[in-house]
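Shown next, in structure tokens, is the structure this report addresses.
The values are calculated or read from the model by the stated rules, or taken from the named source; none is laboratory data. Everything numeric in this text was worked out from a predicted model, so none of it was measured. A quick note on method: Cβ atoms are made from the backbone with ideal geometry, for glycine too, and the neighbour counts reach across all protein chains shown.
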Amino acid sequence: MASGKARTLPPAELAAKVRGYEAFANDVLKAKLDAASARRARYEAEREELAELVRGVEALCAEGRRELKTLVELGSGVYCRATVPDASRICVSVGLGFHVECPLDEAARVAEARREALQEKVEECIAEAARVRAHMRFVMGAIGELQQLGAGA
């Protein structure tokens, strides 16, 4: 017959279990949380770049200019000035390394659609981070219970 008492663990086994749970929380769960946070930051940065593109396109359309002066990144944080003689069509990144050349008015719509898609990815990262935090709370609770078992012995 089963008794109502919880099984007591030897102190060495209890300490090993606590270390195992702590290692899991620190190594696995914290890494997942950091990865989700980094992905979210990248998506947010790209969304901001697209918002800036939309503002720039709207300004170009409102001014009716065709020539554009800008800075172009060459790599490693090195930029150079550039003049685009005909900015009536621009290339917009649509993801996965693909770019679409389109008129300015369409470029704003493409950029907004991409921003919406990225917002969904941001929300996925937020949900993933919440799940990982919940797992961390669960593991920390388990560690606390194990330590209470050790203190009660």
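When residues of region 40-70 are filtered for being at pLDDT 90 or above and of a type in the set (D, E, K, R), how many remain?
Residues meeting the conditions: 9.
Please work out which residue is nearest to Ala35 (Cα to Cα), limiting yourself to region 120-142 and to residues that are surrounded by 15 or more Cβ atoms within 10 Å (Cβ to Cβ) and charged (D, E, K, R).
Among them, the one singled out is Glu128.
Is there any pair with a first residue in region 87-99 that is without any contact (Cβ under 8 Å) to a residue 60 or more places away in the chain and exposed (fewer than 11 other Cβ atoms within 10 Å of the Cβ) and a second that is assigned to a strand (DSSP E or B) and among the small types (Gly, Ala, Ser) whose Cβ atoms are under 6 Å apart and which are 6 or more apart or on different chains, and what are they?
Pairs that qualify, where the first residue is without any contact (Cβ under 8 Å) to a residue 60 or more places away in the chain and exposed (fewer than 11 other Cβ atoms within 10 Å of the Cβ) and the partner is assigned to a strand (DSSP E or B) and among the small types (Gly, Ala, Ser): there are none.
Would you mind finding the one in Glu101, Glu58, Glu67, Glu112 that is touching a helix residue (DSSP H, G or I) at 6+ places or on another chain (Cβ under 7 Å), more than 30 Å from Ala35 (Cα to Cα) and of a type in the set (D, E, K, R)?
Among Glu101, Glu58, Glu67, Glu112, only Glu58 is touching a helix residue (DSSP H, G or I) at 6+ places or on another chain (Cβ under 7 Å), more than 30 Å from Ala35 (Cα to Cα) and of a type in the set (D, E, K, R).
Go through (1) exposed (fewer than 15 other Cβ atoms within 10 Å of the Cβ); (2) touching a residue at least 24 places away in the same chain (Cβ under 8 Å); (3) over 28 Å from the mean Cα position of the chain (by Cα) one by one and return the number of the condition Ala51 breaks.
Status for Ala51: all satisfied but (3).
Condition first: acidic (Asp, Glu), assigned to a helix (DSSP H, G or I) and touching a Cys at 6+ places or on another chain (Cβ under 7 Å). Now tell me which residues in region 99-113 satisfy that.
Passing the criteria: only Asp105.
Across region 66-86, what is the total count of residues that are surrounded by 12 or more Cβ atoms within 10 Å (Cβ to Cβ) and over 18 Å from Ala111 (Cβ atoms)?
Adding up the residues that qualify gives 1.
Restricting attention to region 54-101, and to residues there that are among the hydroxyl-bearing types (Ser, Thr, Tyr) and touching a strand residue (DSSP E or B) at 6+ places or on another chain (Cβ under 6 Å), which single residue is nearest to Glu116 (Cα to Cα)?
The selected residue is Ser93.
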